[in-house]
Each structure stands twice: as C-alpha cells, then as structure tokens.
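Asker: The structure's right below; bear with me while I get my questions together.
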Amino acid sequence: MSLTVDGIEAPAEGTLLDAVLAAGIGLPHLCTDDNLAAIGACRTCLVEADGRIVAACSAPASQFHQVATRGAVVERIRRGVLELTAAMVSPGSLDRPGGPHAGELAAALASHSARLDRYPHRTRTRSDATNTFFSFHEEACILCGRCVAACQELQHIGAIGMAGRGGATRVTPGADATFADSICTSCGSCVAACPTPALSPREAFAP
Amino acid sequence: MDLPSAARSGLLPALVEAHTRCGAIDASEAGRIAAGLRMPAALAWEAASSFPDFERETARGAEPVCVGPACLAAGAIAGPGQVAVECQHRCFEAPAAGEDAPFPESAIRLAGPLLAPEDTDWRGLDAARASGRDGVLAGLERSGLRGRGGAYFPVASKWSAALARERPLALVVNAEEGEPGVYKDRALLCRRPRRFVEGLAIAIEALAPAVTVIFLNGRAQGAMESMRSALESHGDILPAAPRVVRGGGGYVLGEETTMLNAIEGRKPVPRVRPPFPVESGLWGMPTVVNNVETIASLAVIFREGAAAFRARGTAAAPGTRLLSVSGAVARPGVYEVEMGVTIARVLEMAGGPAARPIVAALAGGPSGGFLPESTFGTPLLPGQLHATGAALGAGGLLFLDSPAAVRKTALYLAEFNAAESCGKCTPCREGAPRAHEMLASGNKAGLEDLLEVMAVASLCGLGQMAPGPIRSALHFWPELFA
Ligand code: SF4
Ligand code: SF4
Ligand code: FES
C-alpha cells in the first residue's frame with residue numbers, strides 16, 4: 001500500500017502528519033508536540049487526503065493513499081483557521097523571546113500569508129510572573145493545550161488545566177491559582193512545549 | 001466490577017452533589033473536592049468550570065422562565081422575580097415556566113410500537129435470550145435499526161465492531177438530551193420506562209458489558225425519578241444495577257466522546273477520532289454508546305420481530321422514530337412517525353397552524369437548519385434534508401409562523417452555538433461568536449468564508465454543524481439579515 005504526499009512517496013506509518021513531515025514538507029501543527037499524543041485543538045494541520053479534508057495529526061497514515069498539502073481549498077481553510085488564531089494574540093506579542101518552539105505560530109502565519117487583522121482581535125490579558133524561572137503572558141496564548149498535556153500527560157503533575165469553556169477558556173494553574181500557589185515543580189515542560197512566547201523563560205534564564 | 005480510576009470518576013458525582021447541596025461551585029469548593037479525591041486541583045477545576053450548570057446557583061426563590069427557541073418564538077421573557085433559563089425541554093407547553101416536571105402523558109400525541117402502552121411480560125427479552133448473542137446480532141442486522149441519537153449509524157455494525165475487539169467492553173446509554181427543542185427521551189423515560197429497561201436488558205444480554213453507565217441529563221429530574229423506580233422494580237431482569245451518572249449541562253455533552261470524558265472525571269470536551277469509542281472509549285475499553293430511543297427500540301424489535309419493524313419506515317431507514325414537534329402548531333408534542341414521512345404530513349398530524357399560516361420549520365435544532373414551507377414535501381430521513389443545513393438529527397421540529405420568528409430563532413441559535421462551544425478547537429471557539437456578530441449586525445462580508453472554515457475545520461459536530469441555521473436562514477430569507 002503506497003502513500004504519496006504532494007506526489008512524494010512517504011512511509012504509511014503513524015499519522016498523516018508524520019508522513020508529511022517525513023516527506024520533508026512543511027505543515028503547521030500548532031497543537032502537536034513530538035512527545036505528545038494528538039490533541040486536535042488547533043486545526044491548522046489540515047490536508048486533503050483521498051478527497052477529504054482531515055486533520056493530519058489525528059489521521060492514521062495507513063488509511064490513505066494520496067495526500068495533498070497544497071490546493072486552493074485546503075490552503076484557504078488552513079489560512080482561515082490561522083487568521084482566527086492570529087486574532088487571539090495581541091499585535092507584537094509574538095516577537096517576544098520564548099521557549100524552544102516559541103516561533104511556530106509566527107512561522108505558520110508567515111508561510112500562509114495570513115492576514116493578522118482579518119478578524120477583530122479578542123485577546124486575553126492576564127499575566128503570571130509568580131514562577132522564578134518562567135512567566136505566562138496570555139496575550140500570546142492560542143489555547144493549543146500543549147502545555148496542559150505536557151504537565152498532565154508527560155510529567156504526570158497536573159499543575160495546570162484548561163479552565164472555563166468557550167470564549168472563557170484559559171490556561172489556569174491549580175483551582176484558579178497562580179503558578180506559585182499551584183503544585184508546579186518548575187520542570188519547564190510547559191515552556192518547552194509552547195508554540196508561542198506565551199510561556200517563556202524569565203530573562204535571566206532565556207536561551 | 002470495580003470501576004477503574006475510581007478516584008477520578010468520582011469527580012462528576014461529587015460536583016453534582018456539591019452543586020445540589022450548596023449552589024454554584026467556585027474554585028475553592030473545586031479545590032476541596034479535589035483534595036478529597038486526592039487529585040490535582042487544576043484537574044478538578046478544569047472540569048468543574050466547564051459545566052454551565054455548576055456556575056449557577058440552584059434556583060432559590062426566583063422562578064425559572066424558559067427562553068429556549070420555542071418559548072422565545074412564543075414571546076417568553078423573564079419578568080421581575082423570574083430568571084431566564086435555557087431550553088427546559090417543555091417546548092410542548094411554550095412558554096414554559098417553573099421547575100422540571102415529569103413529561104405529561106397528554107403530550108404524547110401519536111403513539112406507535114415504541115410509545116404504545118407498556119407490556120406486562122418480557123417477550124422481547126425472552127426472545128433475545130433464546131436466540132443468544134449471535135441471534136441478537138443477526139436479528140438486529142435484519143431489522144436495519146440505525147442509532148436514534150442523530151447520527152443514524154447502523155446499530156448492528158457498532159455492536160459488532162466493539163465485540164470484535166474481544167476485550168471487556170462498556171455500554172453507555174446517552175440520556176443527556178441537551179438539544180433545545182428535543183424532549184422525546186424524557187417522554188420515553190417518564191412514560192414508558194419499562195420498555196427502556198427491557199431494551200437495556202437485551203443490550204446487556206448481547207454485549208455482556210463489564211460496565212454499564214446511563215448518562216442522564218442533570219436537570220431531567222422527572223426522568224431520573226421515573227427511570228430509577230423502573231430500574232428498581234425490574235432490577236431482577238438486569239444482571240447488575242447500571243451506574244447512573246448525571247451531567248452538569250452543556251450542549252456538547254451529547255457528543256459521545258465528551259460524555260466519556262465527563263464520566264471519567266475529565267474536562268467535558270471531545271476527543272480526537274480515531275480511536276473511535278468502539279475501539280477505545282470509556283477507560284480505554286471498547287465502548288458502545290446508544291441513545292435512549294435506540295435502546296427502547298430493541299424491546300420493540302425483539303418483541304415484534306425484525307420483519308415487523310422493517311415493515312415501517314423505508315428500506316434504508318426502517319422503523320418509527322420519535323419527533324419532538326414544537327412551535328406554532330395546534331398540537332405540539334411527541335409524535336411517533338414512520339421514517340420517511342414528509343414535513344407536510346407532520347404538520348397536518350400536529351393539527352396544522354395554531355393561528356397564522358406556517359412559513360418555516362427548523363429541523364435539527366442548533367445543528368440543523370431552516371426550511372421554507374415550499375419544501376415541506378421533503379421526507380424526514382437520516383442525513384441532511386437540505387444542503388444548507390436542515391437535518392432530521394435527533395428529531396426536533398420547530399414550526400414558525402413569521403419571517404420575524406425565523407430571524408429571531410436564527411440569531412438565537414447562532415448565539416447559542418457560540419455560547420455552547422466547548423472552547424477546545426479554534427474554528428468553533430473563535431469562529432462561532434464572530435459568525436453570530438456578523439449575522440446580528442448585518443455586516444456579512446466574509447461570513448460565508450468563516451462558515452466554511454467552521455464547517456470543514458472544527459473538531460466536532462457542534463462546530464461543524466453550527467453554520468447550518470445561519471446558512472439556511474441566509475439562503476432562504478436573505479432580506480431578513482440585510
Ligand atoms: S500557553 Fe502556550 S502551550 Fe499553553 S495553551 Fe497557550 S499557546 Fe498553547
Ligand atoms: S467544534 Fe466547538 S464544541 Fe466541538 S471541539 Fe471544537 S470548540 Fe469544542
Ligand atoms: S496539529 Fe492537528 S489539530 Fe493541531
């Protein structure tokens with residue numbers, strides 16, 4: 001059974017996202033971290049697979065044959081999702097230094113020529129600087145869930161969660177607490193996972 | 001069998017208990033509950049803060065007034081000393097006020113085999129027992145029963161897929177019924193609970209689940225009491241008492257993986273698929289999730305035989321199904337109709353217009369769409385009834401008698417979907433509120449692009465189908481939103 005991505009032969013193992021990346025093709029995947037199971041929240045990894053548009057991060061490669069990351073429709077929809085994502089972050093907040101993956105959102109927006117002002121901005125503005133090693137600035141957070149999954153699933157700590165629902169959803173330590181007042185061990189996994197500068201090392205510790 | 005991960009699955013029951021005892025659950029209460037269950041506070045809080053009912057005080061003094069779609073169309077507004085609440089699932093007596101009340105027999109307007117008076121023997125169950133697991137699966141296959149929750153997946157295929165894993169499996173009954181305008185599961189549980197229990201016994205007989213959970217809407221108190229008493233009086237036909245879990249509200253809770261997360265004590269948001277619940281669902285077990293009406297249909301199928309079941313409805317969609325008919329008709333209520341009946345026929349059965357002529361029907365609620373009177377020849381079948389959104393879904397039909405009511409309902413549904421977005425995925429969380437704003441302001445430039453993004457890119461059905469009411473209203477009544 002053969003799998004091609006944009007005409008390039010690719011291994012039909014793991015997810016379609018694995019296959020796309022193995023073929024050397026770039027594709028945004030803002031809520032997928034190498035170390036974590038698919039979350040399916042950001043919806044920026046859409047590809048056209050055998051005529052259907054699917055999220056590559058959560059589609060098994062073995063079930064498809066022809067995958068296209070390019071194409072008018074799939075690119076338009078990916079750009080649309082990215083433009084909605086851009087409306088979550090305040091202008092300029094993506095230029096701040098951050099963790100090892102902090103540039104992922106900015107790169108995805110640039111590669112899709114996404115308009116940053118397509119939709120009226122709706123940003124959240126809380127900050128939390130109570131941790132000695134890192135700080136959290138909500139104005140750059142896109143609610144991808146990587147930090148929460150890293151804390152809960154990878155480290156088995158559970159210091160942070162996604163509190164609230166709908167437009168009121170926010171990354172929250174403890175039961176509406178601060179990082180300092182939570183059971184956070186300062187392991188830094190959340191900072192390492194974040195695709196924006198929302199969770200960033202304090203200046204003294206910045207890479 | 002002992003439930004795995006017992007501490008965490010104690011969370012939702014503990015939250016429901018705390019809410020009943022002391023009203024709205026705040027962060028400190030969630031923290032105390034977490035400590036009691038020895039789980040991290042963040043995990044308890046992310047779940048607790050995601051159920052809309054827990055944010056509210058349990059009504060003290062103020063009388064609840066429903067402002068759901070049927071009551072809104074009937075002119076409901078909350079006056080002094082009253083509090084506006086979401087659909088109370090009593091659309092058959094709109095405008096509805098007061099607490100949840102048991103579903104009245106008088107609102108069963110048309111009964112078929114599902115809503116016929118209850119039986120006094122267990123012939124359906126006896127027949128299923130006599131034919132064994134393979135016989136039940138074969139009978140189910142012959143009947144062609146498709147899930148009545150709204151997705152219409154063939155029930156025999158779902159069961160076979162779960163059984164094929166050859167691992168201990170879970171059976172979850174979806175009794176959440178949180179869709180505004182739908183109240184037929186409440187009708188079954190309140191008026192024909194014995195039929196539901198017989199269907200449940202048949203499902204348990206065939207699936208031999210290691211765990212059986214009934215997930216019941218947190219506000220459906222009448223249905224709860226009726227079901228509990230039926231489970232108690234007929235407990236002898238069930239090998240073990242099913243675990244009953246109450247929810248804390250939220251339309252997305254009806255989405256099956258969200259429900260599984262809620263039962264496990266996790267934040268109620270959808271999971272990615274695959275894995276599908278039949279592969280890995282509740283606590284990773286192969287899981288069958290069936291709606292109340294689907295379960296009750298089992299009793300009918302094994303009592304009457306698959307051929308008799310098939311004799312009603314169409315070849316591709318056999319049997320009868322329950323419609324929740326509301327709005328400007330003479331006799332709103334539950335109608336048991338054959339699949340494939342036209343909307344015009346339903347309108348006729350419901351006694352026609354209550355006063356003014358009907359101009360539109362909303363089919364499928366917030367995940368469906370509007371149809372103009374000129375299309376009422378459309379048969380009610382699984383899948384979309386119109387490309388702009390209308391769908392049979394869970395069988396909710398709201399009849400409207402003016403273009404103004406169409407506009408009001410469309411705006412209500414756009415706002416409802418925005419409010420009910422769970423917040424997990426970007427297209428729905430960010431898109432739905434903006435789509436509502438664009439529709440309300442009449443500034444529709446780029447709206448169709450946005451609706452396309454929501455429909456194609458959203459993670460679950462809520463976001464994927466939220467464009468339906470907007471698209472259909474704009475398609476048939478563009479002048480209302482200029
Ligand atoms: S803080 Fe970063 S990793 Fe966490 S949800 Fe926000 S953007 Fe994602
Ligand atoms: S479509 Fe809406 S309800 Fe469904 S996962 Fe996304 S945000 Fe949640
Ligand atoms: S990477 Fe696939 S949805 Fe985020």
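Asker: Among A:S186, A:G167, A:I157, whose Cα sits farthest toward the positive end of the charge dipole of the range A:116-204 (+1 at Cβ of Lys/Arg, -1 at Cβ of Asp/Glu, about the Cα centre)?
Answerer: The one lying farthest along the dipole's positive direction is A:G167.
Asker: With no other cysteine's Cβ closer than 4.7 Å, which Cys residues of chain B count as lacking a disulfide-compatible partner?
Answerer: So, B:C22, B:C87, B:C91, B:C190, B:C422, B:C425, B:C428, B:C460.
Asker: Just grab the label-to-label distance for B:S157 and A:T125, each label 7 Å out from Cα along the Cβ direction, in nm (one decimal).
Answerer: Roughly 5.2 nm, to one decimal.
Asker: For a distance above 18 Å, tell me the whole-number percent of Cα pairs in the range B:158-209 that qualify.
Answerer: Numbers: 588 of 1326 pairs.
Beyond 18 Å sits 44 percent of the P(r) for the range B:158-209.
Asker: Still on this structure, I have one more. On the principal axes of its Cα set, how long, how wide and how thick is the range B:74-199? Give whole Å, largest value first.
Answerer: Here the Cα extents, ordered largest to smallest, are 60, 34, 23 Å.
Asker: Check the protein assembly as shown and count each lysine pair with an alpha-carbon distance under 25 angstrom, considering only pairs eight or more places apart or from different chains. Working shown, then result.
Answerer: On the way: B:K158/B:K184; B:K184/B:K408; B:K267/B:K424; B:K408/B:K444.
So the count works out to 4.
Asker: Compute the projected area of the convex hull of the Cα atoms of the range B:14-114, averaged over all viewing directions, and report it in nm² to one decimal place. Mind showing how you got there, number by number?
Answerer: Working: hull surface 36.5 nm².
The Cα convex hull of the range B:14-114, projected and averaged over all directions, gives 9.1 nm².
Asker: Continuing with the same structure: Could you give log10 I(q)/I(0) at q = 0.06, 0.09 Å⁻¹ for the protein assembly as shown, computed by the Debye formula over C-alpha point scatterers of equal weight, without solvent?
Answerer: The computed values of log10 I(q)/I(0) come out as -0.34, -0.79.
Asker: A further question on this structure: If you take the Cα Rg of the range B:129-236 and divide it by 2.2 N^0.38 Å, with N the number of residues, what do you get? The partial results should precede the final answer.
Answerer: Numbers: Rg = 14.5 Å, N = 108, 2.2 N^0.38 = 13.0 Å.
Taking N as the residue count of the range B:129-236, the ratio is 1.11.
Asker: Tell me, what HN-Hα J-couplings in whole Hz come from the Karplus equation 6.51 cos²θ - 1.76 cosθ + 1.60 at θ = phi - 60° for each residue of the range B:396-409, using x for Gly and Pro?
Answerer: x, 10, 10, 8, 10, 10, 7, x, 4, 5, 5, 4, 4, 5
Asker: On to the next question. For chain A, would you read off the P(r) tail past 29 Å as a percentage of all alpha carbon pairs?
Answerer: Values: 5696 of 21321 pairs.
The answer is 27 percent, as a whole percent.
Asker: Right, something else. R0 = 22 Å: FRET efficiency of B:R331 with B:I77, Cβ-based, nearest 0.05? All intermediate terms of the calculation are to be shown ahead of the outcome.
Answerer: Working: r = 25 Å, r/R0 = 1.13.
The formula returns an efficiency of 0.30 here.
Asker: Then there is this: Taking the convex hull of the alpha carbon atoms in the range B:5-55, what volume per residue do you get, in Å³?
Answerer: 63 Å³
Asker: Jot down the radius of gyration and Dmax of the range A:2-70, Cα atoms only, both in angstrom.
Answerer: Cα only, the range A:2-70: 10.5, 30 Å (Rg, Dmax).
Asker: Which FRET efficiency value, to the nearest 0.05, do you get for B:Q221 and A:A168 by plugging their Cβ-Cβ distance into 1/(1 + (r/R0)^6) with R0 = 35 Å? Could the numbers behind the result be given before it?
Answerer: Details: r = 28 Å, r/R0 = 0.79.
The computed FRET efficiency comes out at 0.80.
Asker: When N is the residue count of the range B:365-450, what does its C-alpha Rg come to as a fraction of 2.2 N^0.38 Å? Show your work: numbers first, answer last.
Answerer: On the way: Rg = 13.8 Å, N = 86, 2.2 N^0.38 = 12.0 Å.
Ratio of Cα Rg to 2.2 N^0.38 Å: 1.16.
Asker: Are there any chymotrypsin sites (Phe, Trp or Tyr not before Pro) in the range A:99-151 that are in a DSSP loop and have at most 14 other Cβ atoms within 10 Å? List them by number.
Answerer: Working: sites: A:F133, A:F134, A:F136; in loops: A:F133.
Taking the range A:99-151 and a limit of 14 other Cβ atoms within 10 Å, the loop chymotrypsin sites (Phe, Trp or Tyr not before Pro) found are A:F133.
Asker: Over all distinct Cα pairs, what is the inverse of the mean 1/r for chain B, reported as the Kirkwood hydrodynamic radius in Å? Display every interim value, and only then the final one.
Answerer: Working: mean 1/r = 0.0441 Å⁻¹.
Evaluated on chain B, it is 22.7 Å.
Asker: Next question, about the same structure. Once you average over the residues of B:270-279, how many Cβ atoms of partner chains fall within 10 Å of each Cβ?
Answerer: Working: counts 2, 4, 9, 3, 6, 2, 0, 0, 0, 0.
Average neighbour count from other chains, rounded to a whole number: 3.
Asker: Out of the DSSP beta bridges found with both residues in the protein assembly as shown, what percent are antiparallel (nearest 5)?
Answerer: Working: 39 of 66 bridges.
Antiparallel: roughly 60 percent of the beta bridges in the protein assembly as shown.
Asker: Same structure again: Within the range A:74-94, find all residues whose amide N lies under 19 Å from a label point positioned 7 Å from the Cα of A:L116 along Cα-to-beta-carbon.
Answerer: Hits in the range A:74-94 for A:L116 at 19 Å: A:79-94.
Asker: Can you compute the charge dipole magnitude of chain A about its Cα centre, using +1 on each Lys and Arg Cβ and -1 on each Asp and Glu Cβ, nothing else charged? Give it in debye, rounded to the nearest 20.
Answerer: Computed about the Cα centre, the dipole is about 620 debye.
Asker: Placing unit charges on C-beta atoms (Lys and Arg positive, Asp and Glu negative, everything else neutral), compute the dipole magnitude of the range B:319-399 about its Cα centre in debye, rounded to 20. Don't jump to the answer; show the numbers that get you there.
Answerer: Working: 4 positive and 4 negative charges, 22 e Å.
Dipole size: approximately 100 debye.
Asker: Using bins 5 angstrom wide from zero, how does P(r) for the range A:110-188 break down, in % of all Cα pairs?
Answerer: 3, 14, 22, 25, 15, 9, 8, 4, 0
Asker: While we're here: Provide, in order from the shortest bin, the percent of all Cα-Cα pairs of the range A:69-164 in each 10 Å bin, continuing until the bin that contains the maximum pair distance.
Answerer: Percent of pairs per bin, in order: 14, 42, 32, 11, 1.
Asker: So if a site counts as exposed when it's one of the GluC sites (Glu not before Pro), its DSSP state isn't H, G, I, E or B, and it has at most 12 other Cβ atoms within 10 Å, what's the longest stretch of chain B without one? Show your work: numbers first, answer last.
Answerer: Values: sites that count: B:E57, B:E99, B:E166.
The segment B:167-482 is the longest one with no such site.
Asker: I've got another one for you. So, in nm, how far is label B:R142 from label A:C187 when the simple model puts each one 7 Å beyond its Cα toward the Cβ?
Answerer: Result: 5.7 nm between the two label points.
Asker: Separate question: Of all beta bridges DSSP finds with both residues in chain B, what is the antiparallel percent, to the nearest 5? Walk me through the numbers before you get to the answer.
Answerer: Values: 20 of 45 bridges.
Close to 45 percent.
Asker: Further question: Direction-averaged shadow area of the convex hull around the Cα atoms of the range B:319-399, nm²?
Answerer: Details: hull surface 17.8 nm².
With every direction weighted equally, the projected area is 4.4 nm².
Each value in this text was obtained by applying a stated rule to the coordinates, not by laboratory testing. Here the structure is a predicted model, which is why all the values come from computation and not from measurement. All Cβ positions, even for glycine, are placed from backbone atoms using ideal geometry, and neighbour counts span all protein chains on display.
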